[in-house]
Amino acid sequence: MMLADVCSKVYIIQNLDFMTGEEKLVSAIAKRENVEIIMGTVVDSIYGEEEFGGIITKRVSDGEKFRLDLDGMFVAIGQVPENDKF
C-alpha cells in the first residue's frame, strides 16, 4: 500500500534532479494522478502556530522558495521508514 492510496494529494520533495530508488517503484509513483514529484528541491522550513500548517521549500538551483499548505508531513528515506514511535 502507498500513501497515495489513502491521501487525496501527495507531494514528493526530492533534493536531486532525478528520482532514486527501484525503477519499478519510481514508475508506479509517477503514474499516480494524486502524486506530484518536485525535483531539485529541499524542505527549508516548517510553519504553523498551534498546529502544523505546511512547509517552505527551496529550489536547489537558484534558492527560490515556495510555500506548500499541507495537512501532514512524512519524512522518509528509503523504502522502510523508521516511524514506529509515531
In this structure, does Lys85 turn out to be among the basic types (Lys, Arg), open to solvent by 70 Å² or more (accessible area, probe 1.4 Å) and either in contact with a Leu (Cβ under 8 Å, 6 or more places away or on another chain) or modelled with pLDDT of 90 or more (or both)? no
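Among the listed residues Asp44, Asp17, identify the single one that is assigned to a loop (DSSP other than H, G, I, E, B) and within 26 Å of Arg67 (Cβ to Cβ).
Asp17 is the lone residue from the list that is assigned to a loop (DSSP other than H, G, I, E, B) and within 26 Å of Arg67 (Cβ to Cβ).
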Return the pair list, or none, for Cβ contacts closer than 7 Å from residues in region 24-44 that are under 16 Å from Asp5 (Cβ atoms) and open to solvent by less than 40 Å² (accessible area, probe 1.4 Å) to residues that are of a type outside the set (A, V, I, L, M, F, W, C) and in a loop (DSSP other than H, G, I, E, B), at least 6 apart or on different chains. Asn34/Ser8; Asn34/Lys9
Within region 20-41, the residues that are under 18 Å from Ala76 (Cα atoms) and either part of a strand (DSSP E or B) or within 14 Å of the chain's Cα centre (by Cα) (or both) are Thr20, Val26, Ile29, Ala30, Val35, Glu36, Ile37, Ile38, Met39, Gly40, Thr41
Give just the number: which of (1) at pLDDT 95 or above; (2) surrounded by 13 or more Cβ atoms within 10 Å (Cβ to Cβ) does Met73 not satisfy? (1)
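The values are calculated or read from the model by the stated rules, or taken from the named source; none is laboratory data. All values derive from a computational prediction rather than experimental measurement. Methodologically, a virtual Cβ is constructed for each residue, glycine included, from the backbone with ideal geometry; neighbour enumeration extends over all protein chains shown. The protein model used for the area step is the full one, side chains on, heavy atoms only, and it has no ligands, DNA or RNA in it. Shrake-Rupley method; radii C 1.70, N 1.55, O 1.52, S 1.80 Å.
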